[in-house]
Amino acid sequence: MKETTSIYLSAVGQHLRRTFVGGMLTLVPVVLTYMVLKFVFNSIDGVLRPFFAPVSASFPGVGLLAMLILVYLIGLLGVNFIGRKLIDGTQWLLLKTPVVRSVYSSAKQLIESLSSGSADKGFKRVVMIEHPRKGAWTVGFLTGTAINENNEELAIVYIPTAPTPTSGLVSIVPFKDVYDTDISISDAMSLVFSGGITSPASIKKTKAVKEPEITQIKICTKCNHNNKVSANFCENCGITVQLESIKPV
């Protein structure tokens, strides 16, 4: 009798354990998805929603709706000549305003790097470094190089965090400790966005080799003024500098 009771209780315990585990595996992703979407919704909705309070039109979602309309209208402006000039003028003003220009320029370059995956936008290639300890490898983006006080070459590596690559940290390490990978920038972005779920079947790394330094300038298509490669607008006449105007000196 005791043996039968013990077997019965064991079977009940196994059933409850399997059921609860199955329920957790099903419910947790749903809850996490809800929490992330709620956070994103509240963050976006909270930007413009307060502007509708004075006219008694503030309700959940009005800020998000207004943001979508605003994004659409700005995109609509960007496809016609007058709107493009207006946007260029606003960007030029932001880039000329002290304090604001450093924040805006950095944010603009980061977003362009994340959206385009192009080397001329900031992310040169995907690398790996030992971080946060020796033997633990981290994927990052090589964004630049520098020289320290001992004339030793340093690598500037941006390490994104999953699942939001716009947040991360910048690590400055000896260039000799950096390894190139065979991962493309778009594949690396997928790796970060998915939290590692979407990952290459194999990752090969080799000692990083510095690319030949080529001094570049941007030639203004209107006045032929030579601008720094980082310039978005001509320093002489103020019009937008086209990326296709980049050429080695």
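The values are calculated or read from the model by the stated rules, or taken from the named source; none is laboratory data. Bear in mind that the values here come from a model prediction, so they are computed numbers and not experimental data. Glycine gets a Cβ as well: all are built from the backbone with ideal geometry, and neighbour counts include every protein chain shown.
For the stretch 102-122, does any single residue satisfy the condition of being exposed (fewer than 13 other Cβ atoms within 10 Å of the Cβ), at pLDDT 75 or above and more than 13 Å from the chain's Cα centre (by Cα)? Scanning the stretch 102-122 turns up at least one residue that is exposed (fewer than 13 other Cβ atoms within 10 Å of the Cβ), at pLDDT 75 or above and more than 13 Å from the chain's Cα centre (by Cα).
Does any residue of the stretch 145-152 turn out to be over 17 Å from Ser106 (Cβ atoms), touching a residue at least 12 places away in the same chain (Cβ under 8 Å) and not in a strand (DSSP E or B)? Looking through the stretch 145-152, at least one residue is over 17 Å from Ser106 (Cβ atoms), touching a residue at least 12 places away in the same chain (Cβ under 8 Å) and not in a strand (DSSP E or B).
Restrict the check to the stretch 9-23 and report whether at least one residue is closer than 30 Å to Met67 by Cβ and either small (Gly, Ala, Ser) or in a helix (DSSP H, G or I) (or both).
Residues of the stretch 9-23 closer than 30 Å to Met67 by Cβ: none.
For the stretch 9-23, residues closer than 30 Å to Met67 by Cβ and either small (Gly, Ala, Ser) or in a helix (DSSP H, G or I) (or both): absent.
Give the stretch 167-189 a look and list any residue that's in a helix (DSSP H, G or I) and not polar (S, T, N, Q), or say none. Break it down stepwise before answering.
Taking the stretch 167-189 as the starting set, the residues that turn out to be in a helix (DSSP H, G or I) are 175-177, 185-189.
Within the stretch 167-189, Phe175, Lys176, Asp177, Ile185, Asp187, Ala188, Met189 meet the criteria.
Against the criterion of being part of a helix (DSSP H, G or I), surrounded by fewer than 10 Cβ atoms within 10 Å (Cβ to Cβ) and outside the structural domain of Cys234 (by TED's automatic domain parsing), Val30 qualifies.
Taking the condition at pLDDT 80 or above, closer than 29 Å to Ser167 by Cα, more than 22 Å from the chain's Cα centre (by Cα) and not basic (Lys, Arg), does Gly61 pass? Spell out the reasoning first.
Working: at pLDDT 80 or above: no; closer than 29 Å to Ser167 by Cα: yes; more than 22 Å from the chain's Cα centre (by Cα): yes; not basic (Lys, Arg): yes.
No: the conditions fail for Gly61.
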